[in-house]
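Down below is the structure, laid out as structure tokens.
The values are calculated or read from the model by the stated rules, or taken from the named source; none is laboratory data. From a predicted model like this one, the values you see are computed outputs, not experimental measurements. Here the Cβ positions follow ideal geometry from the backbone for every residue, glycine too, while neighbour counts run over all protein chains shown.
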Amino acid sequence: MDLAELAKAVSRLKYPQDEGDLTCDEPGHPDGHTCLPVSADLDVDDVVEAFGERYRDPRTRTYGLPPLPFDDRIGWTHAWSRFARAIAVGRGPDVRPVVAVAERNMPAAGTGRLAAIVSTVIGSVRVP
């Protein structure tokens, strides 16, 4: 896929209520994501720049990618969170760009960092 086709495919998959079936066609890949074919002519930086213009600031490996249902065979470098989905970009073992749309691993209600902060704040409030 060229950049325009890739952007269109990602757009269709990012909303679960639309055409958002995340079943990967790659052999051996688990459910919960879809890998999208990327043209060999594209560089990861081109994809990141185009998606950055569309989805704004990505999260990066340096500053913490959102939880993704992938193993580490792909060198994920950038991700954008959109509702219950994430758009991830990285380099495959052959150094070619890889793009995937995935279900985000969302923490259960009442768990995680925000719950801990709220619990601490509530616990420190003193009522006269």
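In the condition set (1) surrounded by 13 or more Cβ atoms within 10 Å (Cβ to Cβ); (2) at pLDDT 80 or above, D2 is compliant with all but (1).
In segment 32-65, the residue that is surrounded by the fewest Cβ atoms within 10 Å (Cβ to Cβ) out of those that are within 12 Å of the chain's Cα centre (by Cα) and of a type in the set (V, I, T) is T60. Of the residues T34, T62, T77, only one is modelled with pLDDT of 75 or more, assigned to a loop (DSSP other than H, G, I, E, B) and polar (S, T, N, Q); which? Answer to the selection: T62. Might you let me know whether segment 67-80 holds any residue that is under 16 Å from E5 (Cα atoms) and hydrophobic (A, V, I, L, M, F, W, C)? No - not one qualifying residue is present in segment 67-80. Note on segment 37-59: residues that are of a type in the set (D, E) and not in a loop (DSSP other than H, G, I, E, B) amount to 4. The set of residues in segment 52-104 being of a type in the set (A, V, I, L, M), within 15 Å of V10 (Cβ to Cβ) and free of Cβ contacts under 8 Å to residues at least 24 places away in the same chain consists of A79, A86, A88.
Once segment 90-106 is narrowed to residues that are part of a strand (DSSP E or B) and within 18 Å of D31 (Cα to Cα), the residue that is modelled with the lowest pLDDT is E103.
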